[in-house]
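Encoded as structure tokens, the structure appears first; notes follow it.
Derivation of every value follows stated rules applied to the coordinates shown; laboratory data play no part. Since the structure is predicted, the reported quantities are computational estimates derived from the model, not experimental observations. All Cβ positions, even for glycine, are placed from backbone atoms using ideal geometry, and neighbour counts span all protein chains on display.
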Amino acid sequence: MADGRPDHLTWRLRLLATIVGLAMCALFVRLGMIQIVDHAKYAEEAAVTHKGVDTLPAQRGAILDATGFPLATSVDTYDVYIDAFLWQQTTKAQKASQQLADELRMDSRALYAAGTSRKTGDVSVRRQLPYEQGQALDKKDIWGVRLSRSSQRIYPEGDLAGPVVGLVGLDGKGLWGAEADFDSILNGKPGLISSERDALGRPISFAGRTERDPVAGGEVQLTIDRFIQGIAERNLNAAVQQYHAKSGQIIVMNPATGAILAMATNPSAGPKTADLNDPKLFDRVRDRGVTDMYEPGSVLKTLTTAAAIDMGKVNPNSTYNDTGSVTVGTYKIMNWDFSANGTTTVTQFLQKSLNTGAVWLSSLIGAKDFYRYMQAFGLSEPTHVGLSGEAEGLMRLPNDQAWSVVDLATNAYGQGLAATPLQVLTAVNVFANGGKLMRPYIVSSEVTASGVRTFQPVEVRRPVSAQTAATVGELMHQVVDGVDLHGAQIPGYDVAGKTGTTLVSIPTGYDLDSTIASFAGFIPYKNPRISVLIKIDQPTGGLNLGGQVAAPVFAKTAAEIMQYLGVAPTKAKTGSLAAR
Amino acid sequence: MATLPRIAARTPVRLPSANHIPRTLLAALALLVVAAVGLLQVMQTSQAATAGYEFGALETDRRDLSAQVRSLEAQIAQSANEGQMRELAMARLGMVPATPSVGIKVDAAAPSRVTLPERYVVRPQPTPLPPLSWWESLLRFVPGFK
């Protein structure tokens, strides 16, 4: 050791080397933990910190009526936000609040107060700013003001068909009606923009950026015709007002296909009048035509008659002796007007709507076959129209414990069972289209990115033969046009139909002072273009029978629809002379 | 024997062989290639950036135009609102709802008896005739006019 240095490592150097070595090992272990073991976790944290994801809203699809007119559509808008962090610079914020106030026509002090109420994050100051206005604001490039694309739902027809079309909430989801029932189709797939951001969360220019375009929602075309819907709603509202009724429904269908052309409800609410804070809103926005059940009353006598004719038990000229009442078990059933008509044909029984005749027919048919026919007509089963909340109806069957022979008698004239207005009209349609029970439908097509889906009419079954259907159709024609001054008559047109009047059921039985007046019919009788069901609930203006209340509404509504559809009169016009 | 004069030995000119390219030339060529590739890269990147920018601008234009189309469609639909059209037709143009024309031929007496109970028969209310206008009144004085 010439220079005095030892030729071996001293203990100090060994110690230092050991410490450095251990430290290096620790570093390598930690590096391995971070880079290999916990890689996914840290990669995610880094991504969250450095990458921001913006959602691009997808255009919600339109709801069209049968003519292609939009009942609901969407337009592009902007939502305006203030970046609270940037607005901590008071001088710039004050200037920006003034500029923003000028653009939005808002109070600058309120804007400044809102924008500086927090230290970080975005403060929403305006939702659904019109697109052109948003673009103009964007070009101003106001300090600390951000715009985000959004959309606004527009209902060009206002409250028309409100319960059917529905409404969209602030979150862009359908709340009721078609907006809710077909939400998955109408809602598109939102797009995403993933970009690297700086410490303030602002996108870094020319940095990594991935973008996925939004996919627009599909369009749903309804079978509803806005003009027919308008006619139905105007006449329903007028009738409810005229007869001081509690509520009412009108359904208009194409009996050949089952397409629903109009479904009017009173009371109802739509985009203009719906108050989302109203606890009773559900009463005004549900499709009562499919959700609410009622006892159809004498309209159901047509089904009873059809069953008896189809079984060959009677024909239109078969007779029975109407003594004004009939005793079933311990119950005495009487005619609605307490009349006794003696020898009465099937045609007369329907024209006069005699309860005793229905009981007579039900005794000929028998319980087993009667309910078999009623089920074939679609009673007590949902129609599968495609609207939510559909009721399936109530009907006791002979094998139910609560059933008694009186049920058969009362069911024969439409009491003691319940059905929705849509079920009743669907069943009556059987007599307008050769004995076919058509499934009602309200959506004619769906247009999505994956293609066009068109709905075709569906024949569910044939409850009665074509001959029976024609015979009952003729009987219904005689009910209207065979009776002088029947309220459902329409000058120039052959009408077939049947009135119905039923007492309102209450928990203790029936309310003898309240009725449901209804009428179901189709027109023109020989080649029906439309079938209509009118139902007026609890009229209180003095008139309360189907023939008094519902039949005239049918005549007015159907006449207007015939005019709109351009259907030529089917017979020479008759009526009262109004000459000058 | 005559001898040819011996050619003075000269240093042969060494032509560059294929296997022996001067390093400077190689370096120059390499630099040229690198520069060309770099230039190509820059040009491509520049063109791609320009195209991307133009594409982005066109995409923005497309979105704006689509938004305007949707907005205009909504405006048209709102203008064609059935209720509004009805109101305009009646209030501004003085139109009235069409009523079906009724041709009447009465060649028989009214039925003496109706089959529905009297109290339930809905009888049409007689419509009062509107008063004749002044010029219609004058027409009554014209011979042959009724």
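Return the lysines within reach of A:K301: Cα separation strictly under 30 angstrom, same-chain partners fewer than 8 residues apart disregarded; answer none if there are no such residues.
Leaving aside lysines fewer than 8 places away in the same chain, those within reach of A:K301 are A:K246, A:K313, A:K332, A:K352, A:K368, A:K436, A:K498, A:K526, A:K535, A:K556, A:K571, A:K573.
Across peptide B:70-79, what mean number of C-beta atoms from other chains lies inside 10 Å of a residue's C-beta?
Neighbouring Cβ atoms belonging to other protein chains average 6 per residue here.
Set the Förster radius R0 to 51 Å, insert the Cβ-Cβ distance between B:F141 and A:D171 as r into 1/(1 + (r/R0)^6), and round the FRET efficiency to 0.05.
The computed FRET efficiency comes out at 0.10.
Full-extension gain between A:S184 and A:N321, please, as 0.36 nm times their residue separation minus the C-alpha to C-alpha distance. It would help to have the intermediate numbers written out before the result.
On the way: separation 137, 0.36 × 137 = 49.32 nm, distance 5.90 nm.
Here the segment from A:S184 to A:N321 would lengthen by 43.4 nm.
Take chain A, drop everything but the C-alpha atoms, weight them equally and run the Debye formula without solvent; then report log10 I(q)/I(0) at 0.11 Å⁻¹ to two decimals.
Ignoring solvent entirely, the Cα scatterers give -0.98.
Contour minus end-to-end for B:W134 and B:D64, with contour as 0.36 nm per residue of separation and end-to-end as the Cα-Cα distance? Don't jump to the answer; show the numbers that get you there.
Details: separation 70, 0.36 × 70 = 25.20 nm, distance 6.04 nm.
Between B:W134 and B:D64, full extension yields an extra 19.2 nm.
Over region A:471-524, what number does the Rg to Rh ratio reach, with both radii from the alpha-carbon atoms and Rh per Kirkwood?
Using only Cα positions, Rg/Rh for region A:471-524 is 1.15.
Give me the number: length gained by fully extending A:D107 to A:S465, i.e. 0.36 nm times residue separation minus the C-alpha to C-alpha distance, one decimal in nm.
Roughly 121.5 nm would be gained on extension.
So for the pair B:I21, B:L72, with labels modelled 7 Å out along Cα→Cβ, what separation do we get in nm?
6.2 nm
Mean Kyte-Doolittle of at least -1.0 plus a Cα span of 30 Å or more along the axis: flag which DSSP H helices in chain A meet both, please. Show your work: numbers first, answer last.
On the way: long enough: A:11-32 (31 Å, 1.47).
Counting only whole DSSP H runs, the qualifying helices are A:11-32.
A:Q563 to A:Q98: FRET efficiency via 1/(1 + (r/R0)^6), r the Cβ-Cβ distance, R0 51 Å, to the nearest 0.05?
After rounding, the FRET efficiency stands at 0.30.
Taking the beta-carbon count within 10 Å as an exposure proxy, list B:V33, A:V346, A:V549 from fewest neighbours to most.
Ascending number of Cβ neighbours within 10 Å: B:V33, A:V346, A:V549.
For the residues B:R63, A:R126, what sequence is obtained by ranking on other C-beta atoms within 10 Å, fewest first?
If I rank by nearby Cβ atoms, fewest first, I get B:R63, A:R126.
Over 28 Å, how big is the tail of the calculated P(r) for region A:232-387, in percent of all Cα pairs?
Value for region A:232-387: 41 percent of Cα pairs lie more than 28 Å apart.
Separation of region A:134-198 and region A:425-451 by C-alpha centroid, Å?
32 Å
Mind listing the long-range amide H neighbours of A:I523? Cut-off is under 5 Å, sequence gap 5 or more, other chains count too, H placed in the peptide plane at 1.01 Å from N.
Here A:R529, A:I530 satisfy the definition.
For the residue pair A:N277 and A:A26, what label-to-label distance in nm results when each label sits 7 Å from Cα along the Cα-to-beta-carbon direction?
Going by the 7 Å Cα→Cβ label model, 6.3 nm.
Highest mean first, how do A:472-478, A:20-26 rank when packing is the count of other Cβ atoms within 10 Å averaged over residues? Can you show the working numbers first?
Numbers: A:472-478: 22.7, A:20-26: 10.0.
Put in order of decreasing packing, that is A:472-478, A:20-26.
Return the distance in nm (one decimal) between the two label points of a simple spin-label model at A:V37 and B:A35, each offset 7 Å from Cα along Cα→Cβ.
The two pseudo-label positions are separated by 5.4 nm.
Calculate the mean, over all residues of peptide B:60-67, of how many other protein chain Cβ atoms lie within 10 angstrom of the residue's Cβ.
The shielding value for this peptide is 3.
Given the DSSP H assignment, sum -39500 (n - 2.57) over each helix run of at least 4 residues in chain A and divide by its residue total; what's the result at 222 nm in deg cm²/dmol, nearest 500? Don't skip to the end; give the middle numbers.
Numbers: 19 runs with 191 residues, N = 580.
So the helix-based figure for chain A works out to -9500 deg cm²/dmol.
Could you list A:F182, A:F431 in order of exposure, starting from the residue whose Cβ has the fewest other Cβ atoms within 10 Å? Show your work: numbers first, answer last.
Working: A:F182 23, A:F431 33.
Starting with the residue having the fewest Cβ neighbours, the order is A:F182, A:F431.
On average, how many beta carbons from a partner chain sit within 10 Å of the beta carbon of a residue in A:281-294? The partial results should precede the final answer.
Details: counts 0, 0, 0, 0, 0, 0, 0, 0, 0, 0, 0, 0, 0, 0.
Neighbouring Cβ atoms belonging to other protein chains average 0 per residue here.
Calculate I(q)/I(0) for region A:460-580 by the Debye formula, one identical point scatterer on each C-alpha and no solvent, and give its log10 at q = 0.19 Å⁻¹ to two decimals.
The computed values of log10 I(q)/I(0) come out as -1.02.
Hey, with R₀ at 45 Å, roughly what FRET efficiency would A:L192 and A:I19 work out to, going by the Cβ-Cβ distance, to 0.05?
For R0 = 45 Å, the calculated efficiency reads 0.35.
Could you name the lysines whose alpha carbon sits less than 30 Å from that of A:K189, not counting residues in the same chain fewer than 8 places away?
A:K41, A:K51, A:K139, A:K173, A:K272
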